[in-house]
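Reading through the structure tokens given below for one structure.
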Amino acid sequence: MKAAEPARIVFLDRDTMPADIRLRPFAFPHQLLEFGATEPDQVAERISNADIVITNKVPIRFAELSSAPKLRLIAIAATGSDVVDVRACSDRGVAVCNIRGYAVNTVPEHTFALILALRRSLTAYRDSVRAGRWAESGQFCYFDHPINDLSGATLGIIGDGALGRAVADIGRAFGMRTLFSSYKGVAGMGPLYTPFEDVLRQSDIITLHAPLMPQTRNMIAGPEFALMQRRPILINTARGGLVDEVALGQALRSGQIAGAGFDVATVEPPQADHPLMQLAGLPNFILTPHVAWASREAVQTLADQLVDNVEGFWNGTPKNMVA
């Protein structure tokens, strides 16, 4: 796409990327306006004269689109596209692109950091040492918390995209048996897939790598926890909303599951009364602040792809299009 005047590019939430991550200058005439953060009631005004809008987590819905007659592209600085009203964009002729394939190392590695920490009770032992338990024990070690190997354990993976497959590769390297399932209610996936309910029954560790959609919201809730016969560890580095967070607390406290590691929440950041924050003091629960994606290498790859997406669209060779 060509323009007589420099394109006006508005980045609504630059602070969602680390300050030391370089955003390469766009290779076409442009004016870039960066905001560290944007509140919902500021969106319409800030995008009103934009040709291109970049957003990571700031929602752009029909009302805001109506205030932006020049808008041609929304470049999402993330993979999930639910932050944008894609249908309204399509109706108005506004293209939408997203980021893909940048987290194939960082998310699986974070997933296994959580798995290893929980299977070996690392945080529980660290906290007990800080509290003086080792000194009080009177011997060279103590056995207050369970420790289990990964070798020989069954790893259930919900979602078979690039991240799920990368997690499976790491699991196999540890000597784990891996099972793939699609989402709850999906059947006929072929011999390489294990039915969803069977994965819940058979797995020692269950890890979620699914998008948040109407059919995946709360796909792990009370009835699903009841199926988990082996008291597994549950890992969610995918999206908040895949798990019923209240039911998670009940499953942890009742012993239906052995532990949980979450990097995402339904509301981010979660406040003190959020269900996940109420679990933060448990020795078998780990909550990290949505940073599984955020290795320096991955974020720089994201930033480079973001620029490539915008330049490709402007030059007539769009890529990674959602709409």
Picking from Leu200, Leu192, which residue would you name as being part of a loop (DSSP other than H, G, I, E, B) and either over 17 Å from the mean Cα position of the chain (by Cα) or aliphatic (A, V, I, L, M) (or both)?
Leu192
Would you check which residues across the stretch 77-102 are touching a Ser or Thr at 6+ places or on another chain (Cβ under 6 Å) and of a type in the set (Val, Ile, Thr) and list them?
Ile99
For residues that are surrounded by fewer than 18 Cβ atoms within 10 Å (Cβ to Cβ) and free of Cβ contacts under 8 Å to residues at least 24 places away in the same chain, tally how many sit in the stretch 114-141.
15
Residue list for the stretch 126-154, restricted to those being over 28 Å from Phe174 (Cβ atoms), in a loop (DSSP other than H, G, I, E, B) and polar (S, T, N, Q)
Gln139
Between Ile52, Ile76, Ile115, which is outside the structural domain of Gln300 (by TED's automatic domain parsing) and hydrophobic (A, V, I, L, M, F, W, C)?
Ile115
By residue number, the members of the stretch 82-101 that are surrounded by fewer than 18 Cβ atoms within 10 Å (Cβ to Cβ) and either closer than 15 Å to Asn309 by Cα or among the aromatic types (Phe, Trp, Tyr) (or both) are Arg100, Gly101
Looking at Leu282, is it part of a loop (DSSP other than H, G, I, E, B), of a type in the set (A, V, I, L, M, F, W, C) and over 13 Å from the mean Cα position of the chain (by Cα)?
yes
Spot the failing condition for Ala272; the list is (1) within 30 Å of Cys97 (Cβ to Cβ); (2) free of Cβ contacts under 8 Å to residues at least 12 places away in the same chain; (3) part of a loop (DSSP other than H, G, I, E, B); (4) not basic (Lys, Arg), and only one is missed.
(1)
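The values are calculated or read from the model by the stated rules, or taken from the named source; none is laboratory data. The model shown is predicted, which means the values in this text are computed figures rather than measured ones. Glycine also receives a Cβ, built like all others from the backbone with ideal geometry; neighbour counts cover every protein chain displayed.
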